[in-house]
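First comes the structure, then the notes that go with it.
The values are calculated or read from the model by the stated rules, or taken from the named source; none is laboratory data. What you see is a predicted model; the values in this text were computed from it and never measured. No Cβ is skipped: glycine too gets one built from the backbone with ideal geometry, and neighbour counts run over all protein chains shown.
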Amino acid sequence: MKRTRIFTAGVVLLCAVQAVTAQVRHEIHFPDLPDWRTLKCDLHTHTVFSDGVVWPTERIDEAWREGLDVIAITDHIEYQPHKQDLPTNHNRPHELAVGRARERDILLIRGAEITRDTPPGHYNAIFLSDVSSLEIEDFYAVFEEAQRQQAFVFWNHPGWQGSERGQWGEHQARLFENKQLHGIEICNGGSYYAYAYELALEKKLTLIGNSDIHDPSLETGRTRTPTEHRTLTLVFAKEKTIEAVREALFAGRTAVWHQNRLIGREPEMAAMFSACVRISPTHHRAGNRAWVKIENRCELDIELQRVGEVGPGRIKLPARATSLLRIDAPTEALSAGLSYRATNFLLGPDKPLSVMLAIPEQ
Ligand SMILES: [Zn+2]
Ligand SMILES: [Zn+2]
């Protein structure tokens, strides 16, 4: 009897001293904008339910660990290489993962990849209520069904099989005309399609960038660098809800984080730059030299190229760090602000964002 009590006490003590291993999340630092929350989204991922090699719940755990807010599981409808091992059930990945998503505070969007030969190529339909009803032979009928379900549809990796086969053709034109095509991947994994970016701007298609991940993600906060990270879409939404993500996507309020650059449109890119870069007042001056501190609060190593007369020719502001800057100029010249181009905040292919670095009064 006494032995049992000692044993019980031992177990209790063991439980008390054993630390609970929390699943660590490494946040991705892109600040919110004055009017919008900045949600980090991957809208193109695969699982074992098509040609991926991970179980759906693992996609949620990865998203949590990597600091994502939103993912869509978008398994191929027409390409089911594991069907000998798993029955084709297009709604199953979402059903399996949605509970885990709630536990991890990840928004999970039900999606699918419409997978045809190129051309017409591959398309993701997201915010679907029933994926199975998109299993239709006729190409255009699939998009009619997606539209009936009020899906947001984007063209995937347009240059995947070469720029010639990835041209905007009759299929895309017809879908666009029928309001059945709303966005385009300008980046997919490591690839960037300048041509698709031009097209998106011309036709006002929403800019999308995704991982299209098939393998397990080995990324952690430690392996992530400004150039090596999961390609993502930043969605500027009213709040963190699936409905708000949908509204922002249809409104085109996105930017793409690809390698060491952000690709987007003027209003959000200008707001993001202002939110990322904090300049302190001059803290020391000696003759015509002034010292100021500039904080970069985001994941990019921000690259600046001088346009005006004042300031260093090139400035690099390392990610999530404060840089010390010496400016050789009289006080009057500083008060007007320093005119630069942020060469890795793009508003179009080869079109960097113009910025004014205003040094605040003491
Ligand atoms: Zn694809
Ligand atoms: Zn894919």
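Just a few scattered comments:
- Taking region 131-173 as the range and being under 24 Å from residue 242 (Cα atoms), exposed (fewer than 14 other Cβ atoms within 10 Å of the Cβ) and either within 24 Å of the chain's Cα centre (by Cα) or within 15 Å of ligand 1 (Cβ to nearest atom) (or both) as the test, only 150 passes.
- The residues listed here are 117, 85, 130; of these, the one that is within 22 Å of residue 60 (Cα to Cα), charged (D, E, K, R) and in a loop (DSSP other than H, G, I, E, B) is 130.
- Number of the condition not met by residue 258 [criteria: (1) modelled with pLDDT of 95 or more; (2) farther than 24 Å from residue 52 by Cβ; (3) not aliphatic (A, V, I, L, M)]: (2)
- Summed over region 155-190, residues that are closer than 25 Å to residue 127 by Cα and either of a type in the set (S, T, N, Q) or without any contact (Cβ under 8 Å) to a residue 12 or more places away in the chain (or both) total 7.
- Here 54, 70, 24, 48 are screened, and the one residue that is hydrophobic (A, V, I, L, M, F, W, C), over 25 Å from residue 128 (Cβ atoms) and either in contact (Cβ under 8 Å) with a residue 12 or more places away in the chain or buried (at least 18 other Cβ atoms within 10 Å of the Cβ) (or both) is 24.
- Here is the figure for region 115-130: residues that are within 12 Å of ligand 1 (Cβ to nearest atom) and either buried (at least 22 other Cβ atoms within 10 Å of the Cβ) or small (Gly, Ala, Ser) (or both) total 4.
- Residue 220 being away from ligand 2 (no atom under 15 Å from the Cβ), in contact with a strand residue (DSSP E or B) (Cβ under 8 Å, 6 or more places away or on another chain) and of a type outside the set (Asp, Glu): no
- Residues of region 88-114 that turn out to be in a loop (DSSP other than H, G, I, E, B) and surrounded by 18 or more Cβ atoms within 10 Å (Cβ to Cβ), as a count: 2
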